[in-house]
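Let me begin by presenting the structure, written as C-alpha cells, before commenting on it.
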Amino acid sequence: MSESRPQTPLIAAEEPSSAAPTPTAVRALRAHPALVLAGIVLASLNMRAALAGVSPLVGEINDHFGLNATASSLVTTIPLVFMGLGSIAAPRLARRFGTEPVLCAALVLLGGGILVRVAPPVAALFVGGALVGTAIAFLNVLMPGLIKRDFPDRAASMTALYSTAMILGATVSAACAVPLENALGGWRGSLASWALLAAVAVVVWIPQALIARRGGHHVTAPAAGGTAAEGPNLLRSGLAWQVTLLMGTQSLIAYVCIAWMPTVFTDHGMDKGEAGLVYAFYTLVQMAGSFVVPVLAGRLRDQRMLAVGVVLLLAGGATGLLLAPVAGAWVWATMMGVAQGGTLGLALTLMVLRSRDAHTAARLSGMAQTWGYLLASVGPFAVGAVHQATGGWELPIGVLLVACLALVFLGLGAGRDRKI
C-alpha cells in the first residue's frame, strides 16, 4: 500500500541558491520538444544495436579467438551483467549531474565501448562489452523518467515509440551485420560501424545536456527498492517482484535468442546469410508486438489474459524451433518475434500501471532493470553451457519453454488490477 503523505515528485530542481533560476526560467531553458523527441529516438535506436549485431557474427568471432560455446556466451553475458550493475549507479549519477548530461555521457561511453570491443586482444572483446552494457544500463533506467517528465500526457504512446525504436535498431543491426562484414573486411569493421550511430546521437544530446545544466533541472531517479522515506519499500512488495521477474525472464529469453538463434539455424544446415535474415526478421516483427501490446494494456484494467496470450504465442514459436527449426524457420521467427516484442512492451507498461505515482514508477523501473538484467545475464551463458555439454539444441530450447511457463505465472500475478 502506498503511504498517505505526499510522494516525492518525479521532477526536482537542484538545491536553491541566490543564483538559481526561477521555475519559469527553468521551463524556458528546456530543450525544444522536437529536439527531445529526436534525442529519445536516436538513443533508443542505440540501445540494442550494439548487442544485436554480434549474434550473426558469433561464428567468426569464435573462430578468430578459438572460443568454445561457453566462452562465446560471455560475449553476450558480460554486457547483461553490467546492464544490471550499471542500473544501480545510474540514479546516483543522475541526481548528481542531471539526467540529460548522464544520457549524453552514456552515449559517449557506448561509442567508446563499441570501439574497445574490436581492439586486437581478446580481453578487449569482454572489456568493451562491459562498457557497452554499462552505457545501455544508464539509457535503460533514465529514459522512462525523461519521457514521463517531458511527455506526461502521452506516456503510453511514447513508451510504444521508445520500445519500437529500440527494436528497430536491433533489426537493422542484425540485418546489416553480415553485409557490413563483407563490405568492411571482417567482423571487426561490422561491429565498429555502430559507433557512428552513437556519435550521431551524442551530437543531438550535447545541446540538451548543456541546456539542462544551465537550467539546473533534471529527473530525480530514485534508487532501486528505495527506503521508506521515499515511499513504499519495493523490496518487500510481492507485486514489485512479480513485475521485476517478468522483466527479467522476458529479457532472459530475448538475450538467449540474440546470442544463439542464428547458430541454431546454421547448426541445422541453414546458410549463414539466410540465418541472419531470419534473425533480422525476428527482430523486425517485434515492433508489431512492442507497439500494439502496450496500447492494449493501457486500455485494460486487468492485463492477465493479455499476458498469457502473448506468452503462449512465444511458447508456440519456441516449440516449433525445437521440432522443425529450418523447415518452419520463418513461421517460428514471426511467432517468437511478435510475442517477444509484446512481452517487452508489457513489462515496460506494467512498471507504470502497477504504480500509484510517477515517483514509485521510476523506482520500480530502477528495481526491474537492475535485478531483471542480472537475471537475464544467466540465460546466454547457461544455454551455451548446456549446448556444449549435450552437443545439441533440444535441451537448451527446453530451458526456454520452462522460462515461458514461469512467464505465465508471473503475468498472472503482475497483470492483476493492483497498485503497489
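Are any residues in region 344-363 open to solvent by less than 10 Å² (accessible area, probe 1.4 Å) and under 16 Å from the mean Cα position of the chain (by Cα), and if so, which ones?
Passing the criteria: Gly345, Leu346, Ala347, Leu350, Met351.
Would you say Ser72 is part of a helix (DSSP H, G or I), within 30 Å of Gly273 (Cβ to Cβ) and open to solvent by less than 10 Å² (accessible area, probe 1.4 Å)? I'd like the intermediate steps shown before the answer.
Details: part of a helix (DSSP H, G or I): yes; within 30 Å of Gly273 (Cβ to Cβ): yes; open to solvent by less than 10 Å² (accessible area, probe 1.4 Å): yes.
For Ser72, the condition - part of a helix (DSSP H, G or I), within 30 Å of Gly273 (Cβ to Cβ) and open to solvent by less than 10 Å² (accessible area, probe 1.4 Å) - is met.
Looking at region 364-385, is at least one residue open to solvent by 10 Å² or more (accessible area, probe 1.4 Å) and more than 23 Å from Gly133 (Cα to Cα)?
No, the conditions are met nowhere in region 364-385.
Check region 204-211 and report whether any residue there is within 30 Å of Ser55 (Cβ to Cβ), in the same structural domain as Ala165 (by the TED database) and at pLDDT 90 or above.
Step one: list which residues in region 204-211 are within 30 Å of Ser55 (Cβ to Cβ), which gives 204-205.
Then keep just the ones that are in the same structural domain as Ala165 (by the TED database); that gives 204-205.
From what's left, at pLDDT 90 or above: 204-205.
The answer is yes, given that some residue of region 204-211 is within 30 Å of Ser55 (Cβ to Cβ), in the same structural domain as Ala165 (by the TED database) and at pLDDT 90 or above.
Of the residues Ala240, Ala170, which single one is touching a Leu at 6+ places or on another chain (Cβ under 9 Å) and modelled with pLDDT under 90?
Numbers: Ala240 fails: modelled with pLDDT under 90.
None of the others qualify; the one that does is Ala170.
Output the number of residues of region 407-420 satisfying the condition of being open to solvent by 40 Å² or more (accessible area, probe 1.4 Å), within 14 Å of Gly248 (Cα to Cα) and in contact (Cβ under 8 Å) with a residue 12 or more places away in the chain.
Count: 0.
Can you tell me which residues in region 294-334 are of a type in the set (Val, Ile, Thr), surrounded by fewer than 24 Cβ atoms within 10 Å (Cβ to Cβ) and modelled with pLDDT of 90 or more? Can you show your working first?
We begin by selecting, within region 294-334, every residue of a type in the set (Val, Ile, Thr); these are 295, 308, 310-311, 319, 326, 331, 334.
Restricting the remaining residues to those that are surrounded by fewer than 24 Cβ atoms within 10 Å (Cβ to Cβ) gives 295, 308, 319, 326, 331, 334.
Passing the criteria: Val308, Thr319, Val326, Val331, Thr334.
If you scan region 240-253, which residues turn out to be open to solvent by less than 20 Å² (accessible area, probe 1.4 Å) and among the aliphatic types (A, V, I, L, M)? Walk me through it before giving the result.
If we filter region 240-253 for residues that are open to solvent by less than 20 Å² (accessible area, probe 1.4 Å), which is where we start, we get 240, 243-244, 246-251, 253.
Of everything in region 240-253, those that are open to solvent by less than 20 Å² (accessible area, probe 1.4 Å) and among the aliphatic types (A, V, I, L, M) turn out to be Ala240, Val243, Leu246, Met247, Ile253.
Among the residues of region 121-128, are any at pLDDT below 90, of a type in the set (Gly, Ala, Ser) and not assigned by the TED database to the domain that holds Ala385?
So far as region 121-128 goes, no, none of its residues is at pLDDT below 90, of a type in the set (Gly, Ala, Ser) and not assigned by the TED database to the domain that holds Ala385.
The values are calculated or read from the model by the stated rules, or taken from the named source; none is laboratory data. In this text, all values refer to a predicted model and were calculated from it rather than measured experimentally. Here the Cβ is made from the backbone with ideal geometry for all residues, glycine too, and neighbour counts use every protein chain on show. Remember, those area values only see protein heavy atoms, side chains included, never the ligands or the DNA or RNA. Shrake-Rupley method; radii C 1.70, N 1.55, O 1.52, S 1.80 Å.
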